[in-house]
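Before any comments, here is the structure.
What follows is calculated from the coordinates using simple rules that are stated; it is not laboratory data. Just so it is clear, the structure is predicted and the values come from calculations on it, not from any experiment. Here the Cβ is made from the backbone with ideal geometry for all residues, glycine too, and neighbour counts use every protein chain on show.
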Amino acid sequence: MSTRNRLTRSSGLSLATGAVLFSAAGTGCMPGNVNAPAPPVERTVSFADDIQPIFDKHCVQCHRVDGFANLQGIVMLLTEGDALDSVVNQASSQNPALSLVVPGDADSSLLFQKVSSNNPPVGATMPLFGKALSSEELGLLRDWIDQGALDN
């Protein structure tokens, strides 16, 4: 291979690698960006008052009828009025063997794994675009699931 071809190929690989890293950095998907959940709260977590606002802040941009996730075939609507039916006891569209929310078991719930782990069992860490959930938000989500994922 000529020196010119090697340089061209090397430059192309560097540009491609840089584009991927730049893209990942802008989406909040870089390793180490997930916060640790806050300790459990000493109260009943309310879906309407505590969880839906988290979905509204971090998730509905993509997880709505005309959102990026839905357009990519990941039908999980997290808009008000749709969220509970979309996640509680529902199989993942990415891996039907995994449940999005297992009432009473946050550690087995893919939704919680995807927002609390840098290496979820399927797909990317969420939210894909924007800031990671805060420790308090992660704690509330975990507690809501562990308390039975109630419609309250």
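Looking at the range 123-148, which of its residues are hydrophobic (A, V, I, L, M, F, W, C) and within 20 Å of residue 94 (Cβ to Cβ)? Spell out the reasoning first.
Step one: of the range 123-148, the residues hydrophobic (A, V, I, L, M, F, W, C) are 124, 126, 128-129, 132-133, 138, 140-141, 144-145.
124, 126, 128, 129, 132, 133, 141, 145 - these are the residues of the range 123-148 that are hydrophobic (A, V, I, L, M, F, W, C) and within 20 Å of residue 94 (Cβ to Cβ).
What residue, among those in the range 88-132 that are aliphatic (A, V, I, L, M) and part of a helix (DSSP H, G or I), is surrounded by the most Cβ atoms within 10 Å (Cβ to Cβ)?
Initial filter on the range 88-132 (aliphatic (A, V, I, L, M)): 88, 91, 97-98, 100-102, 106, 110-111, 115, 122, 124, 126, 128, 132.
Keeping just the survivors that are part of a helix (DSSP H, G or I) gives 106, 110-111, 115.
Values: 106: 22, 110: 24, 111: 27, 115: 23.
Looking at the filtered set, the residue picked out is 111.
Out of the range 133-152, which residues are farther than 17 Å from residue 58 by Cα and surrounded by fewer than 20 Cβ atoms within 10 Å (Cβ to Cβ)?
If the condition is that a residue be farther than 17 Å from residue 58 by Cα and surrounded by fewer than 20 Cβ atoms within 10 Å (Cβ to Cβ), then 146, 147, 148, 150, 151, 152 are the ones that fit.
Of the residues in the range 133-147, how many are over 10 Å from residue 35 (Cα atoms) and part of a loop (DSSP other than H, G, I, E, B)?
Here the count works out to 1.
Check whether at least one residue in the range 46-66 is in contact (Cβ under 8 Å) with a residue 40 or more places away in the chain, closer than 18 Å to residue 106 by Cα and hydroxyl-bearing (Ser, Thr, Tyr), and report yes or no.
yes
How about the range 85-99: which of its residues are over 18 Å from residue 50 (Cα atoms) and either touching a Ser or Thr at 6+ places or on another chain (Cβ under 8 Å) or among the hydroxyl-bearing types (Ser, Thr, Tyr) (or both)? Please lay out each step first, then the result.
So in the range 85-99, the residues over 18 Å from residue 50 (Cα atoms) come out as 89-99.
Hits for the range 85-99 are 89, 90, 91, 92, 93, 98, 99.
Which number in (1) part of a loop (DSSP other than H, G, I, E, B); (2) within 13 Å of the chain's Cα centre (by Cα) marks the one condition that residue 43 misses?
(2)
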